[in-house]
């Protein structure tokens, strides 16, 4: 049975890291493709949302195989999260307006661009690695190398969502 605190930790990591590599299946085979995306975690919806462009091939890839992985990394704090789930591409204009911020102007003129779509990922499983930070982890690794002891590098959990 999943621990509620671990589920909360997963959503907290999504909220604090924000950027992730979205991994989809490329074409009809087993090839995988990853690209950086700005994640918007919505706990109440049990979903992670992204703005995407229908002219790029994520829509096609997700129609063929909706299983995705969303990989988050905060290397400065040595915090990592991998989320697996199912993806759906939506033409939800209200959600586009809700998710829009000024940084999106790098890709579209404004939130009314008809090519913008919402990619929704419904997570089913997550795994996180949450360490005490880069400096503490480095010190523990060095001490372990000198003493031969196994270092405590933080927490690693698999979480059903």
State all residues of the range 1-14 that are touching a residue at least 40 places away in the same chain (Cβ under 8 Å) and surrounded by 14 or more Cβ atoms within 10 Å (Cβ to Cβ); if no residue qualifies, say none.
-> 2, 6, 7, 9, 10, 13, 14
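The rows are residues; the columns are (1) in contact with a helix residue (DSSP H, G or I) (Cβ under 9 Å, 6 or more places away or on another chain); (2) more than 25 Å from residue 157 (Cα to Cα); (3) assigned to a loop (DSSP other than H, G, I, E, B).
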{"position": "13", "(1), (2), (3)": "no, no, no"}
{"position": "29", "(1), (2), (3)": "no, yes, yes"}
{"position": "36", "(1), (2), (3)": "no, no, no"}
{"position": "63", "(1), (2), (3)": "no, yes, no"}
{"position": "95", "(1), (2), (3)": "no, yes, no"}
{"position": "109", "(1), (2), (3)": "no, yes, yes"}
{"position": "118", "(1), (2), (3)": "yes, yes, no"}
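If we scan the range 38-55, do we find a residue that is out of contact with any strand residue (DSSP E or B) (no Cβ under 9 Å at 6 or more places or on another chain), free of Cβ contacts under 8 Å to residues at least 40 places away in the same chain, closer than 24 Å to residue 6 by Cβ and not in a strand (DSSP E or B)? So that I can check it myself, show each step before the final result.
Initial filter on the range 38-55 (out of contact with any strand residue (DSSP E or B) (no Cβ under 9 Å at 6 or more places or on another chain)): 43-44, 55.
Retained after the next criterion (residues that are free of Cβ contacts under 8 Å to residues at least 40 places away in the same chain): 43-44.
Still in the running and closer than 24 Å to residue 6 by Cβ: 43-44.
Cutting the leftovers down to not in a strand (DSSP E or B) gives us 43-44.
Among the residues of the range 38-55, at least one is out of contact with any strand residue (DSSP E or B) (no Cβ under 9 Å at 6 or more places or on another chain), free of Cβ contacts under 8 Å to residues at least 40 places away in the same chain, closer than 24 Å to residue 6 by Cβ and not in a strand (DSSP E or B), which makes the answer yes.
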Scanning the range 125-143 for residues that are part of a helix (DSSP H, G or I) and at pLDDT 55 or above, the one surrounded by the most Cβ atoms within 10 Å (Cβ to Cβ) turns out to be 134
Here is a list of conditions, (1) modelled with pLDDT of 95 or more; (2) within 19 Å of residue 131 (Cβ to Cβ), and residue 5 meets all of them except one; can you say which number that is?
-> (1)
Working only within the range 15-27, note down all residues that are exposed (fewer than 14 other Cβ atoms within 10 Å of the Cβ) and not in a loop (DSSP other than H, G, I, E, B).
-> 15, 16, 19
Please work out which residue is nearest to residue 160 (Cα to Cα), limiting yourself to the range 48-64 and to residues that are buried (at least 17 other Cβ atoms within 10 Å of the Cβ) and at pLDDT 90 or above.
-> 48
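The values are calculated or read from the model by the stated rules, or taken from the named source; none is laboratory data. Quick caveat: nothing in here was measured; it's all calculated off a predicted structure. Reconstructed Cβ throughout: ideal geometry from the backbone, glycine too, with neighbour counts over all protein chains shown.
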